[in-house]
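Enquirer: Below is one structure. I have some questions about it.
No lab work stands behind these numbers, since they all come straight from the coordinates. None of these values were measured; they are calculated from a predicted model. Quick reminder, even Gly has a Cβ in these numbers, built from the backbone with ideal geometry, and neighbours come from all protein chains shown.
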Amino acid sequence: MNLPFQDELTPGDMDDFGLGDFQHYQPSPDTLKQTLQDTQAPPPPQEQEDSADLTSLAQSKQPLVFISKFTDPYLNLALEDFIYTQMPKPDPTSTSNYNRLMFYINTPCVVIGKNQNPWKEVNLPLLNSLKIPLLRRRSGGGTVVHDLGNVNYSFMTTKDKFDRFSFANLITTVINNIVNDQKKIMVNERGDIVTKEGGFKISGSAYKLAKGKSYHHGTMLLNSNLEVLKKLLHRDESKLGIVDAMNSISSVKSKVINLGLESEKFISAVSDEFQNEYGLEVERKQPEPVEQEEDEYDQDELFGFNQFVGESERACKVITVSDESLIPQEVHETARELREWNWRFGNTPKFTHTLMNDQYGFQVKFIVDRHAIIEALELTSADESVQMHFKYLEEYIKEHKGLEYTGSNIAGYITHDEISDWIGQSIDGSI
């Protein structure tokens, strides 16, 4: 299933990207509902690692909502993976559910699917010039751009309960209750959330099913910088070359639009509907004050979550994760793995990248093997002097296996300065 946020573009000035317009996300405490009295978890022992508390919460046998206040995309993807991994599975004969819903907002980044080719999907020279990170997630699907104007959601359940349309339908139902007729949305046949008028995409989806569990996650375009989004996902093949991605999954281009809803309102509305659908049955009652010593604390205070009840008779805990010191070491280790070049680029299936240089009258095709290691090159040129400038690179590739396919690596073995700079710039903007 692709997650397509690529658009056809008209020529425009590529220098003005409007990055200053990115909005800073400051969630409001009003997004959480009134508290509900219930049994509180005992305070952790003084010697206990703080991270163990989040682990125990992630493993608890009840439906939960997690709201990450972090904006580091590596940390958020790692936290999502941790919550999914730690989520317990109910007994197949039980009617209980331990479903999870997670929300997070990232600073500007581009996220590709597990089996995608970044050289094909992304304008890497532009991405690197703007110092925007590229991430590869652990689920399939297509390429998306995150910024502070969209919300990422992740619905987790058991494998046997997986349905690629059900949670998208839940979102459309609740959103259509709070937006005007011009902003009504629907789920199309691919499982994407689009506007009823015009079919503009607002949210695409990706999925993962493993070890008896599943998750459905996607981005919700609320107030994103769509001009930056379009330019980052547009490649001019006459300048950046033709990539034959072979076995990689390609994104599907779609026209996109913002829903124009505040992030806090979206999170609150969808959280309420998750509660109505999957929350535990509760008895409405007002919380009673609990006297505490000044040095005492519990998990509710530590993680900033509330148990709440809306108009329905169901409720679940909403856990706000905002203190990085409470994050388990396992999450930090996963975040480091997600940052590694070998995962972000090296996990790309075999491909070829063909560049055409009209000024010097030649074409060069790079054959790139698994792990993004250059295997060979094919040079087409009538000019022997051009061929001589590639001789050192050809000899190195034959004698040394393991040259990673980056612009600076390739450019460093070409002996003509202008051609060297052009190649490095065309591959990924590095020279």
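Enquirer: Take the Cα atoms of region 92-242, find their three principal axes, and give me the spread along each one in whole Å, biggest first.
Expert: Principal extents (Cα only, largest first): 57, 41, 27 Å.
Enquirer: Suppose every K and R has +1 on its Cβ and every D and E has -1 on its Cβ; what is the size of the dipole of region 130-280 about the Cα centre, in Debye to the nearest 20?
Expert: 580
Enquirer: Can you find, among Ser322, His332, Thr348, the residue sitting farthest towards the positive end of the charge dipole of region 318-370, where Lys and Arg contribute +1 and Asp and Glu -1 at Cβ?
Expert: Going by the Cα projections, it comes out as Thr348.
Enquirer: Separate question: Report the paramagnetic label zone for Asp160: residues of region 94-135 whose backbone N is under 20 Å from a point 7 Å from Cα along the Cα-to-Cβ axis.
Expert: Counting backbone N atoms under 20 Å from the label point, the list is 94-100.
Enquirer: A further question follows. Working out 0.36 nm times the residue gap between Asp421 and Ser94, then minus their Cα-Cα distance, what length gain in nm do you get to one decimal?
Expert: Contour length minus Cα-Cα distance gives 111.4 nm.
Enquirer: To continue, here is another question. Of Phe162, Gly140, Asn180, which is farthest towards the positive pole of region 126-185's charge dipole, taken about the Cα centre with +1 and -1 on the beta-carbons of Lys, Arg and Asp, Glu respectively?
Expert: So the residue furthest toward the plus end is Gly140.
Enquirer: How large is the charge dipole for region 160-245, taken about the Cα centre, if only the Cβ atoms of Lys, Arg (+1) and Asp, Glu (-1) carry charge, to the nearest 20 debye?
Expert: 260
Enquirer: In µm²/s, what is D for region 206-264 at 25 °C and 0.890 mPa s, where D = kT/(6 pi eta Rh) by Stokes-Einstein and Rh is the Kirkwood radius from Cα pairs?
Expert: For the chosen part, D equals 164 µm²/s.
Enquirer: Ok, one more. Give the share of C-alpha pairs in each 5 angstrom bin for region 371-431, from 0 to the last occupied bin, in whole percents, shortest bins first.
Expert: 4, 20, 28, 29, 15, 4, 0
Enquirer: Another question, then. Can you list residues from other chains, or at least 5 along the same chain, whose modelled amide H is less than 5 Å from the amide H of Ile319?
Expert: Counting only residues 5 or more places away or on other chains, the set is Val65, Phe66, Ile67.
Enquirer: Further, regarding this structure: With a 10 Å radius around each residue's Cβ, average the other Cβ atoms per peptide and rank 260-273, 362-375, highest first.
Expert: Most protected by this proxy first, the peptides run 260-273, 362-375.
Enquirer: A further question follows. What size of dipole, in debye to the nearest 20, comes out for region 118-192 about its Cα centre when the only charges are +1 on Lys and Arg C-beta atoms and -1 on Asp and Glu C-beta atoms?
Expert: Value, rounded to 20: 280 debye.
Enquirer: Given the Cα-Cα distance of Gln182 and Gln62 and 0.36 nm per residue of separation, how much length would full extension add, in nm?
Expert: Between Gln182 and Gln62, full extension yields 39.4 nm more.
Enquirer: Provide the FRET efficiency to the nearest 0.05 for the Gln359-Glu337 pair, computing r from the beta carbons and using R0 = 41 Å.
Expert: Efficiency, rounded to the nearest 0.05: 0.50.
Enquirer: Show me, for region 188-195, the HN-Hα J-couplings you get by feeding each phi into the Karplus relation (A = 6.51, B = -1.76, C = 1.60, θ = phi - 60°), rounded to Hz, glycine and proline as x.
Expert: 8, 5, 8, x, 7, 8, 10, 6
Enquirer: Could you tally the net charge around Phe167, taking each other residue with its Cβ under 12 Å from the Cβ of Phe167, Lys/Arg +1 and Asp/Glu -1?
Expert: Here the charged neighbours net out to 0.
Enquirer: Moving to a separate point now. Mind listing the phi-derived Karplus ³J(HN,Hα) values for region 338-352, rounded to whole Hz, using 6.51, -1.76 and 1.60 with θ = phi - 60°, and x for any glycine or proline?
Expert: 5, 7, 5, 4, 4, 8, 5, 10, x, 7, 6, x, 3, 7, 10
Enquirer: Name the lysines eligible as straight-distance cross-link partners of Lys159: C-alpha to C-alpha under 17 Å, and not fewer than 8 places from it in the same chain.
Expert: Hits, sequence-local ones excluded: Lys61, Lys89, Lys208, Lys211, Lys213.
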